[in-house]
Amino acid sequence: MKTPFVSLEQIKEIAKEYPTPFHIYDEAAIRCNARALKSAFAWNKGFKEYFAVKATPNPAIIKILKEEGCGVDCSSYTELMLAERCGLSGTQIMFSSNVTPAKDFEYAAKLGAYINLDDFTHIEYLEKLVGIPETICCRYNPGGHFTLENQIMDNPGDAKYGFTKPQLIEGFKLLKAKGAKHFGIHAFLASNTVTNDYYPTLAEQLFELAVELNKETGANIKFINLSGGVGVSYTPEGVPNDIAVIGEGVRKAFERIMVPAGLGEAAIFTELGRYMLAPYGHLIAQVLHQKHIYKDYIGLDACACNLMRPAMYGSYHHITVLGKEEKPLDHLYDVTGGLCENNDKFAIDRMLPEIEIGDYVAIHDTGAHGFAMGYNYNGKLRSAELLLQEDGGVKLIRRAETPEDYFATLEF
Ligand SMILES: *Cc1c(COP(=O)(O)O)cnc(C)c1O
C-alpha cells in the first residue's frame, strides 16, 4: 500500500494559490527519516550524511537536512554555489565529481570541501591547480560485477567512475609524497538497492581495501564514504529498506575488519540522495483530457519534463487518484503528458479507478531525481516546488517557470 501524504481537500486548497503541476515535499517525514539514519549510525563517532544535492537541489530542503546534521555532496560548480549560499562550507561539503573542470576544483578547494578524486590523473591536475590538500579522498572501482547472494546488482566494470585497485595503491603513495596526510575511500557500486545487504557488503569491501591500503602505503584512513545507492521501494508491494538493520550490518563489518586493524577511529560517511528524499515528494497533476482510441489515455498537465524517470528508465511510479483512494482499480489506462514523444507516459497499462477530467493525481516517490531532472523540451516549463511544513502550512520553495524564463537566454 502507498498512501499519499496529502488529501484531495488539501490539494484543492493549495491549487487555488499554486496551480498544478507542482512537486510537494513533506518536511516532517524528511526530518524523521534523517533522524533514523543518524541513529542507525550513532555507533560511529564521526558519522555524517552528505546529502547528494543533485537529487533535490533546493535550498529549503538542504537547510532542513543541515538542521538535522547533514552536509552536502556536490559535483559541479553551481551545486557548490548552492551549498555556499545555504551556509555550508569546509568539511560540511563533499565534492564527488568526475570529468571535473579546473574552476570546479578551484572552487571546492576555496570552500575547503573534501575533494573526492575520480581518477589517477586528477592527482596531478589538482596539484597544479590548487596543490594537494591535507585530507583527500579517492573513488574506487573494483571492476567486474557487484553481486549480492550470487545476484548481479550492478556492473562497475562498465562504469566510468573511479580508480582501479593498482591505481589506488599508487595514487595513495603519490598523494602522500605530495603532502596528503589523511585519506578517504569512496565507492558507489550499485544504484537504488532495495536490500539491507548493500551497504554492509560494500562496507566490508571498502574496509578490507582500507586495511590493505593502510598496510601497503601507510596512509592514515580518516573516513570511508559509502556514497549513495540505498534505494526506496517504488512499487506498493516492495519491502522498504530498514536503515537500523543496515547501520547494524555496517557496524558488525567495522568491528570485524577495521577495529582489529587499528582503524577504529575512521568515520563513516554516506552520500544518500534517493533514500533521503524520494518517498517524501509527490508530483501533483490534474487530468486535462481523456482519449479512447486503441487504448484509453489519461492526459495530465504534467509531462516528462517534470518527472523524467518513467520516460528515461521505464521506472514505475505509483499513482493515486486523490479522493478515489477507496474506489476499485477497475480501469486500464496509460497516463501521459503532452510532449511530442510517445515515451511521455507516467504509467502504461495501469489499473486505476475510473478517472474524470479535473481529477487530481499524486505521483509518488518523486522527492529525489524528480524535479531535479527537469528540462524544457517542447517549450514546457519547470513546475513550482512546495514544502508541506510541519505545522501543516504550505510554503513556495521554488516558483514555477514562466515564458520569460524560457526566453531569458535567447537572442533575437
Ligand atoms: C548520484 C550520487 C549519489 C546519490 O545517489 P542516490 O542513489 O540518490 O543515493 C551519491 N554520490 C554520488 C557520487 C552520486 O553520483
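The values are calculated or read from the model by the stated rules, or taken from the named source; none is laboratory data. In this text, all values refer to a predicted model and were calculated from it rather than measured experimentally. Because the Cβ atoms are built from the backbone with ideal geometry, glycine has one as well, and the counts that use them run over all protein chains shown. Side chains included, ligands, DNA and RNA excluded: accessible areas come from the protein's heavy atoms. Shrake-Rupley method; radii C 1.70, N 1.55, O 1.52, S 1.80 Å.
For this structure, a couple of remarks:
- Looking only at the stretch 260-275, residues that are assigned to a loop (DSSP other than H, G, I, E, B) and either within 16 Å of the ligand (Cβ to nearest atom) or within 13 Å of the chain's Cα centre (by Cα) (or both) come to 3 in all.
- Scanning the stretch 100-122 for residues that are closer than 19 Å to residue 65 by Cα and not aliphatic (A, V, I, L, M) yields a single hit, 114.
- Residue in the stretch 32-43 that is buried (at least 18 other Cβ atoms within 10 Å of the Cβ), within 21 Å of residue 307 (Cα to Cα), in contact (Cβ under 8 Å) with a residue 12 or more places away in the chain and not assigned by TED's automatic domain parsing to the domain that holds residue 323 present: no
- Residue that is outside the structural domain of residue 371 (by TED's automatic domain parsing), of a type in the set (A, V, I, L, M, F, W, C) and over 21 Å from the mean Cα position of the chain (by Cα), where the choices are 203, 190, 180: 180
- Under the condition of being free of Cβ contacts under 8 Å to residues at least 60 places away in the same chain and crowded, with 23+ Cβ neighbours inside 10 Å, the residues counted in the stretch 101-116 number 3.
- Filtering the stretch 147-178 to residues that are more than 18 Å from residue 95 (Cα to Cα), assigned to a loop (DSSP other than H, G, I, E, B), out of contact with any helix residue (DSSP H, G or I) (no Cβ under 9 Å at 6 or more places or on another chain) and of a type outside the set (Asp, Glu) leaves 150, 155, 159, 164.
- Tally, over the stretch 82-99, of residues that are over 23 Å from residue 68 (Cα atoms) and either modelled with pLDDT under 95 or exposed (fewer than 14 other Cβ atoms within 10 Å of the Cβ) (or both): 1
- Hits in the stretch 236-259 (condition: assigned to a loop (DSSP other than H, G, I, E, B), free of Cβ contacts under 8 Å to residues at least 40 places away in the same chain and either within 16 Å of the ligand (Cβ to nearest atom) or not hydrophobic (A, V, I, L, M, F, W, C) (or both)): 237
- Filter result for residue 409 (without any contact (Cβ under 8 Å) to a residue 24 or more places away in the chain and assigned to a loop (DSSP other than H, G, I, E, B)): yes
- You will find that of 359, 365, 391, 349, the residue that is open to solvent by less than 50 Å² (accessible area, probe 1.4 Å), assigned by TED's automatic domain parsing to the domain that holds residue 13, away from the ligand (no atom under 16 Å from the Cβ) and charged (D, E, K, R) is 359 and no other.
- If you go through the stretch 90-139 and pick out every residue that is among the acidic types (Asp, Glu), more than 14 Å from the ligand (Cβ to nearest atom) and within 20 Å of the chain's Cα centre (by Cα), you end up with 0.
- Some residue of the stretch 377-396 being closer than 13 Å to residue 303 by Cβ and under 22 Å from the mean Cα position of the chain (by Cα): yes
- Condition met for residue 212 (part of a helix (DSSP H, G or I) and surrounded by fewer than 19 Cβ atoms within 10 Å (Cβ to Cβ)): yes
- Residues of the stretch 218-235 that are open to solvent by less than 30 Å² (accessible area, probe 1.4 Å) and either at negative phi or more than 16 Å from the ligand (Cβ to nearest atom) (or both): 219, 221, 223, 224, 225, 226, 228, 230, 231, 232, 233, 234.
- Of all the criteria given as (1) in a strand (DSSP E or B); (2) under 28 Å from residue 339 (Cβ atoms); (3) open to solvent by less than 50 Å² (accessible area, probe 1.4 Å), the one not satisfied by residue 278 is (1).
- Cβ-Cβ contacts under 6 Å between residues 6 or more apart (or on different chains), taken from a first residue in the stretch 63-78 that is crowded, with 18+ Cβ neighbours inside 10 Å to a second residue that is polar (S, T, N, Q), are listed as 71/92; 73/96; 75/96; 75/97.
- Complete set of residues in the stretch 44-62 that are within 16 Å of the ligand (Cβ to nearest atom) and open to solvent by 60 Å² or more (accessible area, probe 1.4 Å): 54
- Candidates 102, 40, 108, 55 - the one that is in contact with a helix residue (DSSP H, G or I) (Cβ under 7 Å, 6 or more places away or on another chain) and either within 18 Å of residue 139 (Cα to Cα) or at pLDDT below 95 (or both): 108
- Unmet criterion (only one of (1) open to solvent by 40 Å² or more (accessible area, probe 1.4 Å); (2) within 16 Å of the ligand (Cβ to nearest atom)) for residue 370: (1)
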